[in-house]
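The values are calculated or read from the model by the stated rules, or taken from the named source; none is laboratory data. Please read these numbers as outputs of a predicted model, since none were measured by experiment. Quick reminder, even Gly has a Cβ in these numbers, built from the backbone with ideal geometry, and neighbours come from all protein chains shown. Note: accessible area is taken over every heavy atom of the protein model, side chains too, but ligands, DNA and RNA are not part of it. Shrake-Rupley method; radii C 1.70, N 1.55, O 1.52, S 1.80 Å.
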Amino acid sequence: MMNKKMTIFYEYGDKLYINLTNRCCCACTFCLRQNGDSVGDADSLWLEHEPDMQEVRTAFAPFAHKKYPEMVFCGYGEPMMRLDFLLEVARFLKEQCPGILLRINTNGLADLIYNTPTAHKLQGLIDTVSISLNAYNKEEYLAVTRPKFGIGAYDAMLKYASDCKKYVPHVMFTVVDIIGDEAIQKSREVADSVGVPLRVRPMIK
């Protein structure tokens, strides 16, 4: 039985967020996980265990009647750590809320997690992929993001973004505003080289 305090769905702004795992292959220096256990008015996002589909259905029921402009896979872990389950949940949400837009906030390292290309699996289910660029070169990325895959993670992330453009209507990179104007400009140049727009997002504390 699901612990009633285990937060699978939570509202933030005008969107509904989906928290499926606490696992992550990075240890970003700026990650919210370093400073707390929740976002906005949500209860703790640390999961007692990874939910199954029945728990997702039960947890979604209180939100099913509400209208959201977008639902976002983003919790206290990397959503793509549970890619197949994420896609199952996406199908469920599309069935429950026809026309709903679904976004994944990701570190873009899914191909390294599974050691195979994965972007094609998102086709027809995911409307937006938002990838944390975090840095403008591989050395800075390694220092800031600290991926378990090492220095090659940066190039893999850029390739993943390029691949997603083939299968997903909207793809974007993000950086947090605290990195400074020079780093933001250099990051924008990297994003432009891949043909993916860059969004500068505020640091959540």
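Tabulated data
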read-out	value
Single condition Ile113 does not satisfy, out of (1) free of Cβ contacts under 8 Å to residues at least 60 places away in the same chain; (2) within 30 Å of Gly150 (Cβ to Cβ); (3) open to solvent by 10 Å² or more (accessible area, probe 1.4 Å)	(1)
Residue among Gly40, Gly36 that alone is open to solvent by less than 50 Å² (accessible area, probe 1.4 Å) and at pLDDT below 95	Gly36
Test result for Arg103, closer than 19 Å to Tyr160 by Cβ and basic (Lys, Arg)	yes
Residue that is out of contact with any Ser or Thr (no Cβ under 7 Å at 6 or more places or on another chain), within 30 Å of Ile100 (Cα to Cα) and open to solvent by less than 80 Å² (accessible area, probe 1.4 Å), where the choices are Leu133, Leu158, Leu198	Leu158
Residue in the stretch 167-180 that is among the aliphatic types (A, V, I, L, M), more than 19 Å from the chain's Cα centre (by Cα) and over 18 Å from Cys25 (Cβ atoms) present	yes
Per-region count, the stretch 175-195, residues at pLDDT 95 or above, open to solvent by less than 80 Å² (accessible area, probe 1.4 Å) and touching a strand residue (DSSP E or B) at 6+ places or on another chain (Cβ under 7 Å)	2
Top-ranked residue in the stretch 52-97 [being in contact with a Lys or Arg (Cβ under 8 Å, 6 or more places away or on another chain) and more than 20 Å from Tyr114 (Cβ to Cβ); ranked as most open to solvent (accessible area, probe 1.4 Å)]	Pro69
Residues of the stretch 142-163 classified as modelled with pLDDT of 95 or more, hydroxyl-bearing (Ser, Thr, Tyr) and under 17 Å from Ala183 (Cβ atoms), total	1
